[in-house]
Amino acid sequence: MSNRQLFLQHVATTSDYPISLEIERAEGIYMYSPEGKKYIDLVSGVSVSNLGHGHPRVRQAVKDQVDKYMHLMVYGEFIETPQVKLAKLLVDNLPDKLNSVYFVNSGSEANEGAIKLAKRYTGRSEIVHFKNAYHGSTHGALSVLGDEEMKNAYRPLLPDIRQIEFDNIEDLQKITHKTACVILEPIQSEAGFIIPSQEFLDTLRKRCDETGALLIFDEVQMGFGRTGKLFAFEHFNVIPDILTLAKAMGAGMPIGAFISEKGILDSFKSNPMLGHITTFGGHPVSCAAALAGLEVLLEDKIIDDVNRKGELFISLLKDHPLIKGFRNKGLFIAVNVESQEIMLEVMKHAYELGIVMDPFLFYPGAFRIAPPLVITDEEIHEACALLIQAMDAVNI
Ligand code: PMP
């Protein structure tokens, strides 16, 4: 049996969507099938491979750490050098109050931890979240999913959940002294890249300060340079009480974190203890990869060029008649087309031509362009030429 047949038979997935593309190796922005067909990665494994596939410094860091040790003890029990160095580099690049890092395995777990921490710190239970938000697939993260219908099969979920409208200033009055935390992405990704007004985020920060609710920014998808700043909240200068990270953090290895003030994180240690326990959270090999990845991102000044590259994509694509507009910042571009049907057709043709893209969970009339940040101008021209060919092939 071929790998494809074995995959379809024995590897469980959550939908029929997987394109079942077999990849043998990947380097930079390219992925190669066993037959040698080349695919351009315009998704970055959903905002993960910001440094491209197999960055040499990240690969070396992983190899070096594997030779030293892989797993010692449940996270936090031993002092592991890659964790310590990574925590220091992260907090050095964050506002002063985000000075303590709790390492976990994934974005969902980071948000679970952040919500638990807020409940623990405030002694409150209500969680406010936003329509069309995605924060992960575990039960806590699902409770703050911004689509009531999608949640139905999993109810009962967490109690005391209040959903409000994104970028709606009046709705922020629904945050009260009962609210433990408010969780959101400062720029909503799966809703089709919604950038809120400065006033909305300023009012949100103020409302959280007035009520004592903790503000959680989920930068699992937007963090690590994707929007042209290291973190998306820097565009607005609104600082959260808890920041959650994952995806690109590990430069291809699984890791996540929630970061807050030491005084807030210390509330996990009060009695009764059970704070957040995670066996593999902050795995030393993942931390070594993350450390090397963040060093490369900063030392090579990769983020400085992200806006210009995003604009280059737009200037090359904007005149195509299928395109109805863009929503973008940096190298995260939502490309609007007339309908979901057209979006799916574009994606199908693009895939045949060797381009991998992705739709949005809550925004059917657009496809996303989010390539590795290291993509060169030449590669952008190559990708756009193929994309235009794919759009030309649509016949609806
Ligand atoms: N938050 C956001 C904004 C995400 O985009 C995702 C993943 N798509 C998650 C949380 C969940 O991350 P993970 O899949 O690593 O659990």
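The numbers here are math on the coordinates, done by the rules we state, and not lab data. Only a predicted model underlies this, so the values are computations on that prediction, with no experimental measurement involved. Note that we place each Cβ from the backbone using ideal geometry, even for glycine, and neighbour counts take in every protein chain shown.
Worth a mention:
- Cut-off 10 Å between beta-carbons: net charge of the residues surrounding F268, Lys and Arg +1, Asp and Glu -1: +2
- GNM on the chain, alpha-carbon springs under 10 angstrom: the most fluctuating residue among E185, E80, E112 is E80.
- Segment 56-299: relative contact order in percent, alpha carbon pairs under 8 Å with at least 6 residues between: 30
- Other residues within the sphere of radius under 10 Å centred on the Cβ of I187, judged by their own Cβ, net out at +1 (K and R +1, D and E -1).
- Highest-MSF residue in the chain out of S286, S15, S100 [GNM, Cα springs under 10 Å]: S15
- Tilt relative to the chain, helix 56-68 - C-alpha long axis, 0 to 90 degrees, to 10: 50
- Compared with the dominant principal axis of the Cα atoms in the chain, helix 377-392 is inclined by about 70°.
- Legend: ranking of residues T211, T13, T176 from fewest to most surrounding C-beta atoms inside 10 Å; resulting order T13, T176, T211.
- Comparing S125, A213, I195 along the charge dipole axis of segment 56-299, the residue lying farthest to the positive side is S125, per the Cβ-charge model.
- Of the residues I342, L142, L230, the one whose Cα sits farthest towards the positive end of the charge dipole of the chain is L142 (charges of +1 on Lys and Arg Cβ, -1 on Asp and Glu Cβ, taken about the Cα centre).
- Over the chain: helical MRE at 222 nm, DSSP H runs n ≥ 4 each giving -39500 (n - 2.57), nearest 500: -10500 deg cm²/dmol
- When +1 charges are put on Lys and Arg Cβ atoms and -1 charges on Asp and Glu Cβ atoms, the dipole computed for the chain relative to its Cα centre reaches about 900 debye.
- Electrostatic tally near G223: other residues with Cβ closer than 12 Å to its Cβ, Lys and Arg +1, Asp and Glu -1, net -1.
- Between helix 81-92 and the chain: long-axis angle, C-alpha atoms, 0 to 90°, nearest 10: 90
- When the Gaussian network model of the chain links Cα atoms closer than 10 Å, the mean-square fluctuations of P321, P95, P359 top out at P321.
- Each Lys and Arg contributes +1 and each Asp and Glu -1, all at the Cβ; summed about the Cα centre of segment 56-125, the dipole is approximately 180 debye.
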